[in-house]
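These notes are about the structure you will find just below.
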Amino acid sequence: MQKSECHGGIQLRNRKAGSCDQRTSSSIQIKHRTTIQQSNSSSSTSSPETARKLHPRPSDKLNPKTINPFGEQSRAPSAFAAIYSKGGIPCRLVHGSVKHRLQWECPPENLPFDPLLITLAEGLRETKHPYTFVSKEGFRELLLVQGAPEKAVPLLPRLIPVLKAALVHLDDEVFARGLNALVQLSVVVGPSLNDHLKHLLTSLSKRLRDKKFKEPITSALQKLEQHGGNS
């Protein structure tokens, strides 16, 4: 009886020891896998490729792959900028020491208003140099040529929507250019503008709420009334 009990005790201790050995072995395997994962993670973090991503080199900016395809530099140029870059505007900007000016390739009075005047009006919505100056000054100078009224009046149905787009623009400078262009146009076409003003007055009245534009808009409306006369 004592031998059986002794033999049973030895078996129980052996099973406990085996179970302990299995737990110890499993623990060692888990620690080993963790150590390998940490080592791999450390290795990938310290790799040259990862370091280059975390700390890009200046030369990487020249690599097209690093340029954001949705960034500002990838935006297509505006219609006016595209036409200007292709030589579609027959003038060039001359930089002066005091102020800039336009040099026309031929006398402006010899140029067709259609579509040049409309293209210059579309350029009033530009916000970058030199397009802002070329469009504003080109529009003004073209309206000063001999025979401008006869050339501009037939274009009013197409000019008014373009000027309205400038008047509703969120950029204050674009609005100011559009307002000045409208007054310049009214000087040239006179009462012919009257029937088209209804499309613009709503835009002007909304901008009147802005205190900084109250005076220039009021002045512009007075000039429109003066040049419009009796239709």
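The values are calculated or read from the model by the stated rules, or taken from the named source; none is laboratory data. Everything numeric here is computed off the predicted structure, so don't read it as measured data. All Cβ positions, glycine included, derive from the backbone under ideal geometry; neighbour counts span all protein chains shown. Please note that ligands, DNA and RNA were not included when accessible areas were found on the heavy atoms of the full protein model with its side chains. Shrake-Rupley method; radii C 1.70, N 1.55, O 1.52, S 1.80 Å.
Quick one: L204 ticks every box in (1) open to solvent by 30 Å² or more (accessible area, probe 1.4 Å); (2) over 21 Å from S135 (Cα atoms) bar one, so which box is it?
Going through (1) open to solvent by 30 Å² or more (accessible area, probe 1.4 Å); (2) over 21 Å from S135 (Cα atoms) one by one, L204 breaks only (1).
From the set of residues in region 97-110 that are within 28 Å of the chain's Cα centre (by Cα) and open to solvent by 80 Å² or more (accessible area, probe 1.4 Å), which is farthest from L144 (Cα to Cα)?
Within region 97-110, the match that is farthest from L144 (Cα to Cα) is K99.
Filter region 111-147 down to residues that are touching a Pro at 6+ places or on another chain (Cβ under 7 Å) and hydrophobic (A, V, I, L, M, F, W, C) and give me whichever is least open to solvent (accessible area, probe 1.4 Å).
Checking each candidate, the answer is L142.
Conditions: (1) over 20 Å from the mean Cα position of the chain (by Cα); (2) part of a helix (DSSP H, G or I). R209 meets all but one. Number of the miss?
Result: R209 passes all but (2).
Can you tell me how many residues within region 99-131 are in a loop (DSSP other than H, G, I, E, B) and under 13 Å from A81 (Cβ atoms)?
Number of matching residues: 5.
One line per residue, one yes/no per condition, for (1) under 32 Å from the mean Cα position of the chain (by Cα); (2) assigned to a loop (DSSP other than H, G, I, E, B); (3) modelled with pLDDT under 95; (4) within 25 Å of Q222 (Cβ to Cβ):
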residue: G138; (1), (2), (3), (4): yes, no, no, no
residue: K151; (1), (2), (3), (4): no, no, no, no
residue: L163; (1), (2), (3), (4): yes, no, no, yes
residue: L170; (1), (2), (3), (4): yes, yes, yes, no
residue: L179; (1), (2), (3), (4): yes, no, no, yes
residue: V189; (1), (2), (3), (4): no, no, no, yes
residue: L193; (1), (2), (3), (4): no, no, no, yes
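Return yes when L185 is of a type in the set (A, V, I, L, M), under 30 Å from the mean Cα position of the chain (by Cα) and closer than 16 Å to K151 by Cα and no when it is not.
Yes; evaluated as a whole, the condition is true for this residue.
The conditions are (1) closer than 25 Å to S85 by Cα; (2) exposed (fewer than 15 other Cβ atoms within 10 Å of the Cβ); (3) β-branched (V, I, T), and T218 fails exactly one of them. Which is it?
Going through (1) closer than 25 Å to S85 by Cα; (2) exposed (fewer than 15 other Cβ atoms within 10 Å of the Cβ); (3) β-branched (V, I, T) one by one, T218 breaks only (1).
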